[in-house]
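Q: After the structure tokens below, expect a handful of questions from me.
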Amino acid sequence: MLVDSDRLFCAALGALLSTTSFKISAEYTSLADATVAVRQGSHPDLILLNLQSGNADEMALLKQLRASTTVSRIVVLASELTSQIMSGALQAGADGCLNKTMSCEALQRSLHLVMLGEAVFPRSIADLLISSGIEETAPTHSATLPSLGNELSKREIEILRCLLGGQSNKAIARNLNITESTVKMHFKNVMRKIRAQNRTQAAVWAIQHGISPRLTA
């Protein structure tokens, strides 16, 4: 499903995807119309949608769309990936956030990764979210979770710091000198404690609680 008011862009993207394994089954000019269609039974494998500004109204509609389907993967396309759009997409539960100006090859690779269950966001998203959001939320740097009554271990906090740094499980294992299976175990424990459903939700939680990224040298 493609959601964009720019009909020329929709036509161009449709032509591009017609040569791949992706096929556009439906097009809508607004998030509201797309959400209605989903609630009426349309559940495409993938929903590509354009965000204009990332304002509160758009984010509310995106959250409604996300809540209406647990089957579809959702990827945000934007002409400019501002921190507001990226943070909003993360918090609304999008599976990816891509720039409309990216190459055709990069777009196809990114969409395939999303369909394999990966979250695809720009590597700079952690820094952008931290610079634009942490000061506003007045976070605590404590590892305690007062709302849940749980506590993260030092190792679990390090795992979240690596996640914010854009590191893969393999890179985290190498940097912390542990095995990938141990990394996965820690992630599972972290997700349970903070009640996150995926890595992007865990990243948002970490940012909101003042955890800083661990960047590779």
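Q: Out of the residues in the range 21-52 that are modelled with pLDDT under 90 and within 26 Å of Ser87 (Cβ to Cβ), state the one that is least open to solvent (accessible area, probe 1.4 Å).
A: The qualifying residue least open to solvent (accessible area, probe 1.4 Å) is Leu51.
Q: List every residue pair whose Cβ atoms sit under 7 Å apart, with the two residues 6 or more apart in sequence or on different chains, where the first one lies in the range 46-63 and is under 25 Å from Gly14 (Cα atoms) and the second, anywhere, is modelled with pLDDT under 85 and not in a helix (DSSP H, G or I).
A: Gly54/Thr82; Glu58/Gln52
Q: Take the range 87-111 and flag every residue that is loosely packed, with under 15 Cβ neighbours inside 10 Å and touching a residue at least 60 places away in the same chain (Cβ under 8 Å).
A: Listed by number, the list holds a single entry, Cys104.
Q: Filter the range 203-217 down to the residues that are of a type in the set (S, T, N, Q) and assigned to a loop (DSSP other than H, G, I, E, B), then identify the one that is modelled with the highest pLDDT.
A: Per the stated criteria, the residue is Ser212.
Q: Suppose the filter is β-branched (Val, Ile, Thr), open to solvent by 30 Å² or more (accessible area, probe 1.4 Å), modelled with pLDDT of 60 or more and not in a loop (DSSP other than H, G, I, E, B); does Thr200 pass it?
A: So Thr200 does not fit the description; no.
Q: Filter the range 163-194 for residues that are on the phi > 0 side of the Ramachandran plot and modelled with pLDDT under 85 and give the result.
A: Answer for the range 163-194, where residues must be on the phi > 0 side of the Ramachandran plot and modelled with pLDDT under 85: just Gly166.
The values are calculated or read from the model by the stated rules, or taken from the named source; none is laboratory data. This structure is a prediction, so every number in the text was calculated from the model and none was measured. Glycine also receives a Cβ, built like all others from the backbone with ideal geometry; neighbour counts cover every protein chain displayed. Please note that ligands, DNA and RNA were not included when accessible areas were found on the heavy atoms of the full protein model with its side chains. Shrake-Rupley method; radii C 1.70, N 1.55, O 1.52, S 1.80 Å.
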